[in-house]
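One structure, pasted below without further comment.
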Amino acid sequence: LIRRVRNAVLPVAGLGTPVMPGAQTTPKTLLHVVDRPILSYVVEEARAAGIEHFVFIVGRGQGAIEDYFDHNPEVEGALEAKGKTEILADVRRDLPRPGEMSFIRQMAPLGLGHAVWCARDVIGDEPFAVMLPDMLMVAERPALAQCVEAYGEVGGNIVAVEPAPKGETHKYGIVALDGQDGRLNRMTGMVEKPPLGTEPSNLFISGRYILQPEIFHILETQERGAGGEIQLTDGMAALMKRQDFHALEYEGTTYDCGDKIGLLRANVAFALRRPDLADEARAAIQALL
Ligand code: G1P
């Protein structure tokens, strides 16, 4: 039975230690890539995959995220009065329709598995997407849409993966496959942050998932794993004993905005992709080299 994926869970509560001190007062998912917060791109990707409702798992001091996705009468009023209609449209581009977004406080930084579990009452008994919003994905066909498409083919649970840079598998969740034929393959296992040399493949879990609601029962009692955190990867590994999991090596490029250089790379890459900025951006970057 394949049910439509209507909801996406976005765990945004992480402290953002690698992008301090800026992340003290600006939640890391609101840091800019060119002129928009990281979250703006992720929400756009979700909409392109048919997502209708967004469940943000937030932490203390992250009220700015809710504010970003609400009207700002002062800014909108001023732009309107000055006739700046283009900027006004751009400001309003990310606004949801009322009721399309829920915000849940995680209340304790216990890990990604715990964050996802916090969404259980809002999601209910439906398959749902999880999007790790540090990861910006650029693709002809948006990454989550590729996952939803794969889900339509094989059902069950889908985990987006991509090859890890050499020597970096220990930083991620890594999957084991039942042979490799094309981009969509059945998984036989997964492990969170395996010590180097023990990784079952070089494919890392890159931050887009389609999951069945049974994961919530497992996360309810999931014990702490790597790093002392309740890991989503461990919960999925447990669910895999009863349900199918497929890994999708999606077509596209990922920018990990969770650290300084990744955020810088994303800014350069996205500026170079913007038709209105590309020429100036290229000249400015070249002048620095
Ligand atoms: C999380 C997940 C991990 C995944 C990674 C992608 O880890 O637990 O499986 O590979 O995101 O960025 P974190 O980066 O929160 O340590």
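Beyond 26 Å, what share of the Cα-Cα pairs of segment 65-180 remains, rounded to the nearest whole percent?
44 percent
Provide the per-residue ³J(HN,Hα) series for segment 190-203, in order, calculated from phi with Karplus coefficients 6.51, -1.76, 1.60 and θ = phi - 60°, each as a whole number of Hz, with x at glycine and proline positions.
My calculation for segment 190-203 gives 7, 9, 8, 6, x, x, 3, x, 9, 5, x, 6, 9, 8 Hz in order.
If you keep only loop residues by DSSP, which trypsin sites (Lys or Arg not before Pro) in segment 47-135 have at most 16 other Cβ atoms within 10 Å of their Cβ?
Those that pass, being in a loop and sparsely packed, are Arg60, Lys82, Lys84, Arg93.
Quick one: what does P(r) look like for segment 128-231 with 10 Å bins over all Cα pairs, in whole %?
14, 44, 37, 6
Using only Cα atoms, locate the centre of segment 79-116 and the centre of segment 175-243, then give the distance between them in Å, rounded to an integer.
Result: 29 Å between the Cα centres.
Still on this model: Could you pull out every residue, at least 5 positions away or on a different chain, whose amide H is within less than 5 Å of the one on Met135? Hs are placed 1.01 Å off N in the peptide plane, and Pro or chain starts have none.
When sequence neighbours closer than 5 places are left aside, the close amide H contacts are Cys257.
What GluC sites (Glu not before Pro) does segment 29-105 have in DSSP loop regions with at most 15 other beta carbons within 10 Å?
Glu52, Glu100
To the nearest µm²/s, what D does Stokes-Einstein give for segment 92-135 at 20 °C and 1.002 mPa s, using the Kirkwood radius over alpha carbon pairs as Rh?
171 µm²/s
Beyond 22 Å, how much of the Cα-Cα pair distribution for segment 1-79 remains, as a whole percent?
Pairs farther apart than 22 Å: 33 percent.
Hey, another quick one. Kindly put Met135, Met240 in sequence by how many other C-beta atoms sit within 10 Å of each C-beta, fewest to most.
Met240, Met135
Next question, about the same structure. With θ taken as phi - 60° and the coefficients 6.51, -1.76 and 1.60, list the Karplus ³J(HN,Hα) couplings across segment 234-243 in order, rounded to whole Hz; mark glycine and proline as x.
Couplings: 5, x, 5, 4, 5, 5, 5, 5, 10, 10 Hz.
Please list, in order along segment 164-179, the HN-Hα scalar couplings obtained from phi with the Karplus expression 6.51 cos²θ - 1.76 cosθ + 1.60 (θ = phi - 60°), rounded to whole Hz, x for Gly and Pro.
Ordered by residue, 3J(HN,Hα) equals 7, x, 3, x, 10, 5, 6, 8, 10, x, 10, 9, 10, 10, 8, x Hz.
Okay, moving on. Dimensions of segment 207-253 along principal axes (Cα, Å, largest first)?
That gives 34, 25, 15 Å along the principal axes, largest extent first.
Right, here's the next one. Can you work out the base-10 log of I(q)/I(0) for segment 1-148 at q = 0.11 1/Å, using the Debye formula on its C-alpha atoms alone?
The Cα Debye sum returns log10 ratios of -0.45.
Using only Cα atoms, what Kirkwood radius does segment 198-289 have, in angstroms?
The Cα-based Kirkwood calculation yields 16.8 Å.
Output the 0 to 90 degree angle, nearest 10, between the alpha-carbon long axis of helix 278-288 and the longest principal axis computed from the alpha carbons of the chain.
90 degrees
Right, next: Using Cα pairs closer than 8 Å and at least 6 residues apart in sequence, work out the relative contact order for the chain, in percent.
Once normalised by length, the contact order is 23 percent.
Right, another one. Return one number: the angle in degrees, 0 to 90 and rounded to the nearest 10, between the long axis of the Cα atoms of helix 38-48 and the longest principal axis of the Cα atoms of the chain.
Long axis of 38-48 versus the principal axis of the chain: about 70 degrees.
Tell me the Kirkwood hydrodynamic radius of the chain in angstroms, computed as one over the mean inverse distance between distinct C-alpha pairs.
When all Cα pairs of the chain are included, the Kirkwood radius is 19.9 Å.
To continue, here is another question. Can you give the charge dipole size of segment 5-104 about its Cα centre, rounded to the nearest 20 debye, using +1 on the beta carbon of Lys and Arg and -1 on the beta carbon of Asp and Glu?
Roughly 220 debye, rounded to the nearest 20.
What number, in percent, do you get for the relative contact order of segment 138-229 if the mean sequence gap of Cα pairs under 8 Å and at least 6 apart is divided by its residue count?
Once divided by the residue count of segment 138-229, the mean separation gives 33 percent.
Which residue, Leu219, Leu184, Leu15, has the most motion in a Gaussian network model of the chain that connects Cα atoms within less than 10 Å?
Leu15
Continuing with the same structure: Going by alpha carbons, how many degrees (0 to 90, nearest 10) lie between the helix axis of 260-273 and the longest principal axis of the chain?
So the inclination is approximately 60 degrees.
5 Å is the cut-off here: which amide hydrogens, built 1.01 Å from N in the peptide plane, fall below it relative to Leu177, excluding neighbours closer than 5 in sequence?
Excluding prolines and chain starts, which carry no amide H, the hits are Thr188.
Every read-out reported here was derived from the displayed coordinates using simple, explicitly stated rules and does not represent laboratory data. Predicted, not measured: the structure shown is a model, and the values here were computed from it. Using ideal geometry, Cβ is built from the backbone for each residue, glycine included, and neighbour counts are taken over all protein chains shown.
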